[in-house]
Amino acid sequence: MALAQHVDAEKIIAESRDHPVRKHTHDRQSTLLDIPYTSRYDVEIDLPRYSIPETGVNAKVSYQLLHDELLLDGNPNMNLASFVNTWVPDECNRLMYENLNKNLVDQDEYPAAQAIHERCISMISHLWHAPKGATALGTATTGSSEAIMLGGMALKKRWQEKMKAAGKDIHNPGPNIVMGAEAQVALEKFARYFEVDARLVPVHKESGYVMDPQEAIKYVDENTIGIFVIMGSTYTGTFESVKGMSDELDKYQEETGIDVPIHVDAASGGFVAPFVYPDLAWDFRIPRVNSINASGHKYGLASVGLGWIIWRSADYLPKELIFELHYLGQTDYSFNLNFSRPAFPVLSQMFHFLNLGFSGYKRINENNLSKARLISRALEASGYFTCLSQIHKPKNQGASNISPVISHAASNVIHGHLPEISDPTYYVEGLPVVSFRFSDEIKAQYPKVKQEWIQSQLRAIGWIVPNYPLPPAEDNTEILRAVVRESLSGDLARKLILDIISVTEGLLNGAGPSYVMSVANRRQSTTSPTVAKRGETLDTQHISEHTSTYAKTC
């Protein structure tokens with residue numbers, strides 16, 4: 001039974017102390033109850049929680065205090081909500097530690113770090129097929145959010161110059177930018193922060209829950225500064241069609257004379273598509289693509305805090321946005337929202353470029369996609385879920401059609417086997433993301449069971465698998481989403497599948513949203529109503545046999 005009144009836990013703690021009279025702090029309720037290992041280090045004071053202490057403690061105590069408090073965080077390897085890379089080799093850690101105090105903006109003092117930054121720009125430009133006849137221009141950022149801001153600002157400035165040259169008003173009705181409703185919040189932030197009208201194109205099941213170019217073109221007019229095309233939806237991992245959008249804009253220009261550019265938000269896909277989908281046209285091979293951004297700290301595998309943006313040539317970055325710096329020892333040029341920034345994430349990026357090479361990135365991405373496909377098949381084979389992500393669907397079956405045959409392809413990952421067809425190009429392109437929901441059958445049979453309870457119970461085990469609604473127009477559908485990264489080993493993937501299925505069966509058998517309640521209910525009953533109806537608990541050996549059958553039929 002819930003408490004009928006609020007209990008002030010801090011007040012209770014303060015009143016329960018052995019010595020209520022405080023000698024070293026003024027606010028009894030703003031202190032930590034204790035510092036770990038105070039007796040060992042002979043520390044007798046408590047530290048204030050929300051103000052700087054009058055007297056500090058030694059380094060060992062400071063470290064132990066923060067170290068122990070951070071143990072309350074989740075395990076990064078089990079955080080499947082995030083696209084951010086959570087592991088780098090020891091050698092990379094050592095390199096970053098050695099350069100922890102270098103400021104990338106100080107190009108005169110740290111020329112070697114700046115040279116590595118320039119080499120990264122060159123490598124990424126080649127990776128994204130920058131035109132040979134032009135010199136691509138780019139910069140590191142603190143992440144894709146800043147990179148998107150810079151790309152959008154360049155689009156807006158070029159649009160303003162074009163409108164002024166034509167003698168047209170740039171304020172009424174003002175600029176707009178078109179993007180799919182599934183756009184990550186950073187894209188909408190650009191529009192809001194820089195006073196650009198965001199025209200969100202509704203997404204739906206038929207479009208694969210991403211922007212349909214034929215729908216998007218209806219939102220374009222002479223005040224459109226550009227189109228944000230997303231290479232990897234954060235909902236389902238699906239790639240939007242850059243080529244399809246470009247074709248629509250080509251037709252629009254033929255009809256109206258209005259030239260609308262494209263900025264590709266490849267936050268995650270920029271370091272996936274080049275390695276596993278080499279024939280997919282999405283980058284600077286498409287002339288209408290002015291700029292591309294990506295997160296080095298996602299599938300670029302660098303340490304967190306790194307983004308990249310590249311323009312196809314200097315012509316696409318207005319000179320008015322570039323600042324000259326004269327007070328750091330030499331003349332430097334900058335186009336960033338942040339000024340000072342650490343050099344070590346850029347060094348981490350170069351480490352991975354040198355350490356892995358093209359073949360290493362290809363191998364890691366193929367492995368990620370393979371595990372994501374197997375998890376998808378296993379969840380669908382359970383009968384409890386339908387996957388909205390598409391990377392496990394063969395292209396010849398169509399992106400919007402989930403074939404019953406696929407449901408037989410279950411969890412060979414449980415037994416450590418790989419599918420016979422491992423070539424990613426055989427399947428629908430996308431990120432290694434598993435986006436899934438209750439099947440229609442399960443929702444009809446168990447209307448009182450909430451899908452969000454799966455998130456809560458998995459969190460209690462240690463997994464972070466978010467549950468949230470799809471974008472507007474489809475927001476009556478909730479999804480669970482697991483992002484597969486390099487750090488998700490085969491054993492962890494196996495445990496993820498088993499834990500999801502186990503938690504789901506517990507909920508369908510009457511367990512409550514709490515994991516503790518679920519375990520208690522299981523102990524009270526050895527016979528499950530769900531299992532009785534379905535025949536038996538999920539048989540992983542049975543699933544594995546059907547997976548082999550599926551692989552052969554493909």
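The values are calculated or read from the model by the stated rules, or taken from the named source; none is laboratory data. What you see is a predicted model; the values in this text were computed from it and never measured. Reconstructed Cβ throughout: ideal geometry from the backbone, glycine too, with neighbour counts over all protein chains shown. Heads up: the accessible areas ignore ligands, DNA and RNA and are worked out on the full protein's heavy atoms, side chains in. Shrake-Rupley method; radii C 1.70, N 1.55, O 1.52, S 1.80 Å.
Of all aspartates and glutamates in the structure, the ones whose alpha carbon falls short of 16 Å from that of K243, not counting any fewer than 8 places away in one chain, are D212, E215, D259, D265, D279, D283, E429.
Computed with every protein chain present, the accessible area of F344 is close to 40 Å² [probe 1.4 Å]. Between T425 and R459, what FRET efficiency comes out of the Förster formula 1/(1 + (r/R0)^6) with R0 = 35 Å and r the beta carbon distance, rounded to 0.05? FRET efficiency, R459 to T425: 0.45. Using the structure shown, list the pairs from K162/K218; K156/K362; K218/K448; K102/K157; K189/K298; K164/K251 with a Cα-Cα distance above 30 Å, or answer none. The answer is K156/K362; K218/K448; K102/K157. Accessible surface for D491 stands near 100 Å², nearest 10, in the context of the full protein assembly shown (1.4 Å probe). Roughly how many whole Å is it from the C-alpha centroid of region 166-207 to that of region 465-484? Between the Cα centres of region 166-207 and region 465-484 lies a distance of 22 Å. Assign one of three labels to region 95-144, namely rounded, prolate or oblate, based on the Cα gyration tensor with a ≥ b ≥ c the square roots of its eigenvalues; rounded applies when a/c is under 1.5, prolate when it is not and a/b is larger than b/c, and oblate otherwise. Prolate, since a/c reaches 1.5 and a/b exceeds b/c. Based on alpha carbons, the Rg and Dmax found for region 96-351 are 18.1, 58 Å. Cross-link reach is defined here as a Cα-Cα straight distance under 19 Å, omitting same-chain residues fewer than 8 places apart; for K443 the aspartates and glutamates meeting it are E380, E452, E474, D475, E478, E505.
Remark: region 96-351 carries 41 Å² of accessible area per residue (probe radius 1.4 Å; ligands, DNA and RNA excluded).
Note on region 188-305: with neighbouring protein chains present and a 1.4 Å probe, carbon and sulfur make up 46 percent of its accessible heavy-atom surface. Here the calculated FRET efficiency for D197 and Y333, from their Cβ-Cβ distance with R0 = 30 Å, stands at 0.45, rounded to the nearest 0.05.
Annotation: extensible slack from D475 through Q214 equals 91.8 nm (criterion: 0.36 nm per residue apart, minus Cα-Cα distance). Modelled spin labels at D108 and D315, positioned 7 Å past Cα toward Cβ, are 3.5 nm from each other. Among beta bridges identified by DSSP and lying wholly in region 96-351, the antiparallel ones come to about 50 percent.
Calculate the dipole size of region 145-279 relative to its Cα centre from +1 charges on Lys and Arg beta carbons and -1 charges on Asp and Glu beta carbons; express the result in debye to the nearest 20. Dipole magnitude for region 145-279 comes out near 440 debye. If the segment from V57 to D250 were pulled out straight at 0.36 nm per residue, it would be longer than the present Cα-Cα gap by 62.9 nm. Between L70 and D491, the modelled label-to-label distance comes to 2.4 nm, taking each label 7 Å out from Cα in the direction of the beta carbon. A straight chain from S359 to K448 at 0.36 nm per residue would run longer than the Cα-Cα distance by 27.2 nm. Sorting S125, S51 by accessible area puts them as S51, S125; the probe is 1.4 Å, largest comes first, and only protein heavy atoms count. Summing +1 for each Lys or Arg and -1 for each Asp or Glu among the other residues whose beta-carbon sits under 12 angstrom from that of N85 gives +1.
The candidates T141, T55, T234, arranged from most to least accessible area with a 1.4 Å probe in the full protein assembly, appear as T55, T234, T141. When only Cα pairs below 8 angstrom with a gap of at least 6 residues are kept, region 102-253 shows a relative contact order of 18 percent. For L200, L65, L337, L71, the ranking by accessible surface with the largest value first comes to L71, L337, L200, L65, using a 1.4 Å probe. Count Lys and Arg as plus one, Asp and Glu as minus one, and take only other residues whose Cβ is under 12 Å from that of Y97; the net charge is then -1. Given R₀ = 35 Å, what would the calculated FRET efficiency be for E366 paired with D259, taking r from the Cβ atoms and rounding to 0.05? Calculated transfer efficiency: 0.40. Taking the Cα centre of region 96-351 as reference, the dipole from Cβ charges on Lys and Arg (+1) and Asp and Glu (-1) amounts to some 200 debye.
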